[in-house]
Amino acid sequence: MSSDVAPTGQLAEDESDAVASSTESLVGMDDDSRELSALLSANESEGSTALGRDEIFEVLSNRRRRYVLRYLEEHADESVDFRELVDQVAAWENETTIQQLSSSDRKCVYTALRQTHLPKLDRLDVVEYDSQRGVVASTEYAADVMLYMEYVPEDDISWSQFYVLLSGLCGALAILVWIGVFPFGGVPGLVVAVLVAGLFGVAALVQSSQSWWARAESSAENAG
């Protein structure tokens, strides 16, 4: 690599997760984040994790750090080469193979891991990162973090993202009705309003149901 200096926008994006990961308030969190935060709080009070609630939440709040832990879990009994780690994280991030990665894809991940994510994980004692030798290894505390990976699914969209998408679709429908585009031109405004309210109502009902079942399962596990 010719340079380790990341673009300002990239570093700002990578560092912004530190603000987003604050768990002092649950306002604005999606359903998965609330469940994760509640579970971390319960386990922290029971002393069942070596890392604190905020530290684990901070680690899991960034997708690249989750990819790092995923790769290290696959190589749990050995140190991994930093550049091999970069290649695999970049491939997962771009949904391609290592052979098809571009140099820009590699450089973006290389810089972010070296300057931001691996130093952070090293400070939290989740990994051991030797920048001079270019090797990375997981620590015993990495297992604590991995227990909660199921609460941060890689491919699912959050409820907040779903509501943004649903709002966009409803807005587009309203515009089509307003400008009279066939076959929406003859649809009464009241019907549109009822349809929009119904869609949001069903979505809220599904979200509430999922949240209730998750809390019930968690309570049952704690009781057992």
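Sorting the segments 189-196, 178-185 by their residues' average number of neighbouring beta-carbon atoms within 10 angstrom, most packed first, yields 189-196, 178-185. In order along the range 121-126, the Karplus-derived 3J(HN,Hα) couplings, from 6.51 cos²θ - 1.76 cosθ + 1.60 at θ = phi - 60°, round to 5, 5, 5, 7, 6, 7 Hz, and Gly and Pro are given as x.
Pairs of Cα atoms nearer than 8 Å and 6+ residues apart set the relative contact order; for the range 80-147 it is 29 percent. Label the range 69-155 by shape, choosing from rounded, prolate and oblate, from the square roots a ≥ b ≥ c of the eigenvalues of the Cα gyration tensor; if a/c is under 1.5 it is rounded, and otherwise prolate applies when a/b is larger than b/c, oblate when it is not. Here the range 69-155 falls in the oblate category.
Every number here is computed from the coordinates shown, using simple stated rules; none is lab data. Computed from a predicted model, the values in this text were never measured in an experiment. Positions of Cβ are backbone-derived with ideal geometry, glycine not excepted, and every protein chain shown enters the neighbour counts.
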